[in-house]
Amino acid sequence: MTSSSKPFALVIHGGAGVIERDQLSAADEQSIRDDLERALEAGHAILANGGNALDAVEAAVVALEESPRFNAGKGSVYNAEGRHELDASIMEGHTRRAGAVAGVETIRNPVKLARVVMEHSPHVMMISAGAEQFADTQPQIERVANDWFDTDTRRVQLELEQARERATKADADNLRGKYFGTVGAVALDAHGNLAAATSTGGMTNKRYGRVGDSPLIGAGTWADERCAVSGTGWGEFFIRNVVAHDIAARMAYRGDTLAVAADAVILQRVPELGGDGGAIAVDSDGNIAMPFSTSGMYRGWVRPDGTRGTAIFGEND
């Protein structure tokens, strides 16, 4: 625990989407779980020492961005031009401060830049070349060439998707199955404060500077005094439903519990309109929720009682 008598909690995700057991080798599954554990530990170490929720979610997301196994940072997917465009956001609940970046191409850890936007600018969101110009003024932000994000796995995914489009004359605007998740973290610290952060490489083969929900405050990320939420899934539907904020609003205005609110939005509202995905959330009492309507969602948690775990498919895997 901490020097404080109050409990803390942490939940992370590495994305929801088309994840099938028979397509995931035992070795790959173990590597994914190991990376989830590393991210959990990065955030847990801060919270266990009395640190704040904002630092914890940033540290956890940075650890996930550094892994090539998740669609964020090093593991980001390719766009239609064979490049990488990254998005991220972060929010502190009790102050409602927030920061976000979208479409950046040379920022090693976009969640760090999102926090710098929050703390060292008067703005909430910066995009593309402008965000990178701002990064030029912030020496603590590490820059890399765009090909630093290259991975063989994501290249194969791009080639398969482009071949599928050519073979089937598929509608390029049909996005079902093209997303490959995001990463995110939510935390409650021993001081009773909440925070959330989300980061992504977006959708494989995306065009025209497409941006999903991950960098949008209220859609993919939200934190207030009641709860913190990070989403993952088909971003267009998360934007249209303002998913992260809707979960919080149901708690604030209807008096729903975290579990009821999260399930209603993720398992009912989004699928009703044709989308899918998942979310992680924690409330001010340390209750956590991890609903998803896809075949799997990479996730990990540390509950207030100290129990922790990771999962990919059903609750008991």
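Compute the FRET efficiency between Arg83 and Arg308 as 1/(1 + (r/R0)^6), taking r as their Cβ-Cβ distance and R0 = 35 Å, and round to the nearest 0.05.
Result of the calculation: an efficiency of 0.40.
How far, in nm, would the chain grow between Ala45 and Asp136 when pulled straight, counting 0.36 nm per residue and subtracting the alpha carbon separation?
That works out to 29.7 nm of additional length.
Over all Cα pairs of the chain, how is the pair count split among 20 Å bins, expressed in % and running from 0 up to the last occupied bin?
38, 58, 5, 0
Tell me, what ³J(HN,Hα) does each residue in the stretch 255-271 have, in order and in whole Hz, if you take phi through Karplus 6.51 cos²θ - 1.76 cosθ + 1.60 with θ = phi - 60° and put x for Gly and Pro?
So the Karplus estimates, Gly and Pro as x, are x, 5, 6, 4, 5, 5, 5, 5, 5, 4, 6, 7, 9, 10, 4, 5, x Hz.
Residue by residue through the stretch 125-141, what is 3J(HN,Hα) from phi via Karplus (6.51 cos²θ - 1.76 cosθ + 1.60, θ = phi - 60°)? Round to whole Hz and write x for glycine and proline.
Calculated HN-Hα couplings, in order: 9, 10, 10, 6, 4, x, 4, 6, 5, 5, 4, 4, 8, 10, x, 6, 8 Hz.
What percent do you get for the relative contact order of the chain when only Cα pairs under 8 Å and 6+ apart count?
Here the relative contact order equals 25 percent.
Roughly to the nearest percent, how much of the accessible area of the chain is carbon and sulfur, given a 1.4 Å probe?
On the chain, the fraction of accessible area on carbon and sulfur atoms equals 49 percent.
Sequence gap at least 6, Cα distance under 8 Å: using those rules, report the relative contact order of the stretch 202-270 to the nearest whole percent.
Value for the stretch 202-270: 26 percent.
Using only the Cα atoms of the stretch 49-124, what do you get for the radius of gyration and for Dmax, in Å?
13.1, 45
May I ask what percent, to the nearest 5, of DSSP beta bridges between residues of the chain are antiparallel?
Details: 49 of 53 bridges.
Here the antiparallel bridges make up roughly 90 percent for the chain.
Can you list residues whose amide H is under 5 Å from Ser295's amide H, if they're 5+ apart or on another chain and H is modeled 1.01 Å from N?
Hits under the 5 Å cutoff: Gly17, Ile19.
Tell me, in nm to one decimal, what length is gained between Val124 and Gln23 on full extension, where the rule is 0.36 nm per residue of separation less the Cα-Cα distance?
Value of the extension gain: 32.4 nm.
How large is the accessible surface per residue of the chain, computed with a 1.4 Å probe and reported in Å² as a whole number?
39 Å²
Rg(Cα) of the stretch 192-317 divided by 2.2 N^0.38 Å?
For the stretch 192-317, the normalised Cα radius of gyration is 1.01.
Read phi for every residue in the stretch 181-198 and hand back ³J(HN,Hα) as whole Hz from Karplus 6.51 cos²θ - 1.76 cosθ + 1.60, θ = phi - 60°, with x for Gly and Pro.
Rounded to whole hertz, the list is x, 8, 10, x, 8, 10, 8, 10, 9, 5, 8, x, 9, 10, 8, 9, 8, 9.
Based on DSSP H runs of at least 4 residues, each adding -39500 (n - 2.57), what is the mean residue ellipticity at 222 nm of the chain after dividing by all its residues, to the nearest 500 deg cm²/dmol?
-9000 deg cm²/dmol
Once both labels are modelled 7 Å past Cα along the beta-carbon direction, what's the Glu159-Val144 spacing in nm?
2.2 nm
Would you please name the GluC sites (Glu not before Pro) within the stretch 230-317 that are DSSP coil residues with at most 15 other C-beta atoms within 10 Å of their C-beta? Could the numbers behind the result be given before it?
Details: sites: Glu236, Glu272, Glu315; in loops: Glu315.
Those satisfying the criteria are Glu315.
Hey, how many Å between the Cα centroid of the stretch 82-126 and the Cα centroid of the stretch 265-280?
25 Å
Modelled label-to-label distance, Arg207 and His191, 7 Å Cα→beta-carbon offset: nm?
The answer from the label model is 4.8 nm.
Where in the chain lies the longest segment free of trypsin sites (Lys or Arg not before Pro) that are both loop residues by DSSP (not H, G, I, E, B) and have at most 10 other Cβ atoms within 10 Å?
After excluding every exposed loop site, the longest remaining stretch is 1-168.
Any chance you could run the full-extension gain for Val260 through Gln30? It's 0.36 nm times the residue separation minus the Cα-Cα distance, nm to one decimal. Spell out each step's value before the answer.
On the way: separation 230, 0.36 × 230 = 82.80 nm, distance 3.15 nm.
Going from the current span to full extension adds 79.6 nm.
The values are calculated or read from the model by the stated rules, or taken from the named source; none is laboratory data. The model shown is predicted, which means the values in this text are computed figures rather than measured ones. As a convention, Cβ positions derive from the backbone with ideal geometry for all residues, glycine included, and neighbour counts pool all protein chains shown. When the accessible area is computed, the model is the full protein with side chains, heavy atoms only, and any ligands, DNA or RNA have been set aside. Shrake-Rupley method; radii C 1.70, N 1.55, O 1.52, S 1.80 Å.
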